Amino acid sequence: NSDASNENQTTVFVVVQGASQELLKSGVEGEVESLISGEEGHGEQPLLNLLITGSPTAHVFDGDRDVAGLKLQGVWRRPRVGLLHLQEHYRQLKVGWYLKNPEHPVWLCASQHHITVVFSMCRELVCPVSDIERG
């Protein structure tokens with residue numbers, strides 16, 4: 001449906017427009033990552049992370065990692081909505097604890113080209129913030 005496609009594009013435009021250029025530097029420290037695939041026009045991981053966490057990092061692990069002298073930026077806090085990824089099942093990536101354990105029992109489930117929203121009314125599926133703060 002072209003109306004739905006236009007609404008999705010408008011939503012992405014508003015989110016990206018609201019993010020500063022400094023905020024859009026992600027992934028490898030100091031580099032700007034692509035939010036939309038040039039070939040297929042699909043949203044890339046930095047766009048998904050921008051929508052979920054407010055920061056367009058290119059990775060789904062917790063915190064930052066140093067790989068061969070490159071600082072790779074991941075997710076630094078627990079989001080309101082989580083992320084699960086099909087590629088983790090195939091051991092192609094590992095989603096960090098923060099994205100798997102959102103504040104609310106709502107997760108985006110990503111595969112290579114599709115995203116599905118899964119939610120539950122059962123609040124017991126997520127850890128209360130107070131349990132996390134206690135460490």
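The values are calculated or read from the model by the stated rules, or taken from the named source; none is laboratory data. Only a predicted model underlies this, so the values are computations on that prediction, with no experimental measurement involved. Positions of Cβ are generated from backbone atoms using ideal geometry, with glycine treated the same way; all protein chains shown enter the neighbour counts. Areas reflect the complete protein model, heavy atoms only, side chains present, ligands, DNA and RNA absent. Shrake-Rupley method; radii C 1.70, N 1.55, O 1.52, S 1.80 Å.
Quick notes
- Selected residue (criterion: most open to solvent (accessible area, probe 1.4 Å)) from residues of region 56-100 that are at positive phi and of a type outside the set (D, E, K, R): Ala68
- Scanning region 41-55 for residues that are at negative phi, without any contact (Cβ under 8 Å) to a residue 60 or more places away in the chain and in a loop (DSSP other than H, G, I, E, B) turns up Glu44, Ser55.
- Just one residue in the set Cys127, Cys109, Cys122 is out of contact with any Ser or Thr (no Cβ under 8 Å at 6 or more places or on another chain) and surrounded by 13 or more Cβ atoms within 10 Å (Cβ to Cβ); that residue is Cys127.
- If you go through region 86-125 and keep only what is in contact with a Lys or Arg (Cβ under 9 Å, 6 or more places away or on another chain) and touching a residue at least 12 places away in the same chain (Cβ under 8 Å), you end up with Trp97, Tyr98, Leu99, Asn101, Pro102, Glu103, His104, Pro105, Val106, Trp107.
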